[in-house]
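Quick note: the coordinates plus some simple rules give every number you see, no bench work behind them. The structure displayed is predicted, hence computed values, not measured ones. Neighbour counts run over all protein chains shown; Cβ positions are idealised from the backbone, glycine included.
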Amino acid sequence: MQPPVDAVLPIRYIEPVFRPPSEAESLILPLTDGCSWNHCTFCEMYTSPQKRFRARAEAEVHESIRKCGAQFGAQVRRVFLADGDAMMLPTRRLLSVLQSIRQHLPAVRRVSSYCLPRNLRKKTVAELRELAAAGLSLAYVGAESGDDQVLARVDKGETFASTRAALDKLAGAGIRRSVMILNGLGGRELWRQHAANSAALINATQPEFLATLVVSFPGGETRLRAGFPGWQALDIPGLLAELEAFIAALELERTVFRSDHASNWLVLKGTLGADKIRLLERLRAAIADPAAALLRPAEARGL
């Protein structure tokens, strides 16, 4: 059981608060505000002035954990470490937080966090194993693309190699990985190589979870176009064709796949590779006859 959604939490939040869809029932515990990189031109999550990056004081974090434990006791089963960059903190501080969660929220069975690949460059597999042993069990890695040209155009600050190294490091420590790829990020010019190289990254790392979201710009495309002049968005048939190419190229043993975020036009769920043929058949049917595919209405995408 989770805390009531309307409960007044003893945690200082700076709006807006973001978390992965699968963390809807988790206690959101900010260790940092904003994102230390924050240059990705497709991302609007941490661009507001109030989201300027900073690490929260240890005393504040520990007091929030203690108060949540006193207020909710055994109701809290999952904790998500926010904001976008908790893993940039030193291992010592992360271990201290995990130990505090174990002490004050003993019913917690899963602790997770976003994880930028760059934040693992200075962390050893041994350090990550310590974090796993202390309770960190899942890392969400926004790979966005496996194509170096696309990654450079959107100022991701990562490459195929750096993302693969981070995912391999997490696997070596026994931390499960949920990887996100952005459908449409390469635009009309680079969609084929975006699909092919993203599939190559996923095949090379075999993550436990995989999700695709459709790239969206509620605040406009100005930032993206600064480094990606001439970028043209894919239409719905183009997005579906790119997704079909991506899934067709995947060779996975047992990865839980979800394409059900509010941004996705077509909801897809399955396990790859067991459900690969079924998912491809649904995609190809939607490409052939979009009107019969039960696509999500534009007004229901909630972007």
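If you plug the beta carbon distance of residue 260 and residue 203 into 1/(1 + (r/R0)^6) with R0 = 25 Å, you get a FRET efficiency near 0.65. The residues 100, 48, when put in order of fewest to most other Cβ atoms within 10 Å, stand as 48, 100. A straight chain from residue 109 to residue 9 at 0.36 nm per residue would run longer than the Cα-Cα distance by 34.0 nm.
In a simple Cβ point-charge model (Lys, Arg +1; Asp, Glu -1; nothing else charged), the chain has a dipole of about 860 debye relative to its Cα centre. Using the Cβ of residue 175 as centre and a radius below 13 Å, the other residues enclosed give a net charge of +2, where K and R count +1 and D and E count -1. Between 87, 45, 180, the Gaussian network model of the chain with springs among Cα atoms under 10 angstrom shows the greatest mean-square fluctuation at 45. With a Förster radius of 45 Å applied to the C-beta separation of residue 235 and residue 58, the computed FRET efficiency comes to 0.40. The slack between residue 125 and residue 45, meaning 0.36 nm per residue of separation minus the straight C-alpha distance, is 25.9 nm. Contact order for the chain, expressed relative to its length and based on alpha carbon pairs under 8 Å spaced 6+ residues apart, stands at 13 percent. Altogether, the Stokes-Einstein calculation at 37 °C and 0.692 mPa s, with the Kirkwood radius of the chain over Cα pairs as Rh, returns a diffusion coefficient of 164 µm²/s. Just checking the listed ones, 85, 260, 289: in the Gaussian network model of the chain with Cα springs under 10 Å, the one fluctuating most is 289.
Once C-alpha pairs closer than 8 Å and six or more residues apart are averaged by separation and normalised to the residue number of the range 9-144, the relative contact order reads 26 percent. In this structure the amide hydrogen of residue 214, modeled in the peptide plane, comes within under 5 Å of the amide hydrogens of 183, 263, 264, none closer than 5 places in sequence on its chain. Given q = 0.17 Å⁻¹, what are the Debye log10 I(q)/I(0) values for the range 121-230, with equal point scatterers placed on the Cα positions and solvent ignored? Log-scaled intensity ratios, in q order: -0.80. Using Cα centres only, tell me the gap between the range 251-303 and the range 15-39 in whole Å. The distance from the Cα centre of the range 251-303 to that of the range 15-39 comes to 26 Å. Fewest-first ordering of 282, 153 by other beta carbons within 10 Å of each residue's beta carbon gives 282, 153.
For the chain, the Cys residues with no second cysteine's beta carbon closer than 4.7 Å are 35, 68, 115.
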